[in-house]
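The structure appears right after this line, and notes come after that.
The values are calculated or read from the model by the stated rules, or taken from the named source; none is laboratory data. Here the structure is a predicted model, which means the values were calculated and not measured. No Cβ is skipped: glycine too gets one built from the backbone with ideal geometry, and neighbour counts run over all protein chains shown.
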Amino acid sequence: MKKFAIVSKDDADSIKISKEVQKSLFNSGLSYADRDPDLVCVIGGDGTFLSAIHKYIKKLDTTIFAAVNTGTLGFFADYTVDELDQYVSDIVNKTPKIEKKKMLKITVKGDDVKNYLAVNEMRIENVIKTQTIDVIINDKKLETYRGTGVCVCTQVGSTAYNRSLRGAVVESGLDNIMEFTEITGIHHVHYRSLGVPLIMDGRNVIKLYSDYDDTALLCFDRYAINLKGSTSVEVTLSDKEFQVARYKDIEYIEHLYHLFT
């Protein structure tokens with residue numbers, strides 16, 4: 001790797017650390033290339049990491065990401081602020097293991113068609129009124145859902161918003177999956193839906209039909225899109241992947257232990 005860029009959380013400590021990393025990598029012979037980097041150094045938390053992925057969304061085939069955690073949660077990061085010297089040394093001297101992670105492809109249909117990519121999850125949410133959604137998987141009806149909304153996540157996203165919904169955490173390596181979870185569904189004698197998380201093959205196509213108005217939102221990663229005028233939202237795994245540089249050999253269960261228990 002010859003060229004690097006830095007995406008930093010916008011706080012004083014992270015900015016200071018990013019400047020230290022930039023200076024150290026300069027002194028080690030690497031060059032800064034914000035438009036076309038081989039490596040993106042992410043200084044922040046998981047939110048900053050998501051921003052970095054979307055900043056370089058058109059260059060994911062040739063760009064890898066390595067993070068230092070300065071936020072509250074750093075699931076994508078293998079380094080803390082106390083390990084900056086090791087972080088720089090590993091980038092300069094080691095060949096990383098490249099961990100490729102699949103993203104969600106989201107297609108919104110209405111008067112026109114719009115496509116989006118998501119790292120963690122996509123959600124349809126309506127906190128103003130009950131959202132009724134026909135959930136179709138591979139052209140077979142699963143349910144008519146009523147409630148606040150639904151969430152579809154990747155393996156990576158299983159530890160994010162999905163976990164707060166009591167969805168299952170999916171082990172790293174089981175990457176060709178999607179998980180479908182309801183968000184505060186309505187369940188009584190008249191209305192009934194699946195009510196539990198559904199983990200499925202990522203080749204499936206989930207179609208979500210509803211009368212979407214201006215109170216319904218499509219949320220993915222750090223973004224929100226108003227669904228007014230849309231007729232359906234389709235979700236499947238994309239062929240697009242992002243690449244994480246792993247210089248340390250940290251087991252997934254060990255990562256879960258340090259972050260959640």
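Where in the stretch 207-261 are the strands (runs of 3 or more DSSP E), entirely inside, with at least 3 residues that are under 16 Å from the mean Cα position of the chain (by Cα), of a type outside the set (D, E, K, R) and within 21 Å of LEU60 (Cβ to Cβ)?
Because the criterion is at least 3 residues that are under 16 Å from the mean Cα position of the chain (by Cα), of a type outside the set (D, E, K, R) and within 21 Å of LEU60 (Cβ to Cβ), the strands (runs of 3 or more DSSP E) in the stretch 207-261 that meet it are 232-246.
Between a first residue in the stretch 225-245 that is more than 19 Å from THR215 (Cα to Cα) and a second residue that is modelled with pLDDT of 95 or more and of a type in the set (Phe, Trp, Tyr), which pairs have beta carbons less than 8 Å apart while being 6 or more apart in sequence or on different chains?
Every condition considered, the pairs that remain are PHE242/PHE65; GLN243/PHE65; VAL244/PHE65; ALA245/PHE65.
Of all residues being over 12 Å from GLY195 (Cα atoms) and of a type in the set (A, V, I, L, M, F, W, C) in the stretch 138-165, which is surrounded by the most Cβ atoms within 10 Å (Cβ to Cβ)? Just the residue, please.
The residue in question is CYS153.
Give all pairs with beta carbons closer than 9 Å in which a residue from the stretch 89-100 that is in contact (Cβ under 8 Å) with a residue 12 or more places away in the chain and of a type in the set (Gly, Ala, Ser) meets a residue that is part of a helix (DSSP H, G or I) and surrounded by fewer than 14 Cβ atoms within 10 Å (Cβ to Cβ); count only pairs at least 6 apart in sequence or on separate chains.
That search, which allows pairs on different chains as well, returns nothing.
Going by what's in this entry, would LYS9 be described as free of Cβ contacts under 8 Å to residues at least 12 places away in the same chain and out of contact with any Asp or Glu (no Cβ under 9 Å at 6 or more places or on another chain)?
No: the conditions fail for LYS9.
Could you check, for the stretch 131-138, whether at least one of its residues is out of contact with any Asp or Glu (no Cβ under 6 Å at 6 or more places or on another chain) and not in a strand (DSSP E or B)?
Checking the stretch 131-138: at least one residue is out of contact with any Asp or Glu (no Cβ under 6 Å at 6 or more places or on another chain) and not in a strand (DSSP E or B).
Among the numbered conditions (1) loosely packed, with under 14 Cβ neighbours inside 10 Å; (2) free of Cβ contacts under 8 Å to residues at least 24 places away in the same chain; (3) not in a strand (DSSP E or B), tell me where ASN115 comes up short.
Exception for ASN115: condition (3).
Test each condition in (1) acidic (Asp, Glu); (2) surrounded by 15 or more Cβ atoms within 10 Å (Cβ to Cβ); (3) closer than 30 Å to ILE253 by Cβ for ASP213 and report the one that comes out false.
(3)
Would you tally the residues in the stretch 178-206 being outside any loop (DSSP other than H, G, I, E, B) and either of a type in the set (A, V, I, L, M, F, W, C) or over 24 Å from ALA118 (Cα atoms) (or both)?
The number of residues fulfilling the criteria is 7.
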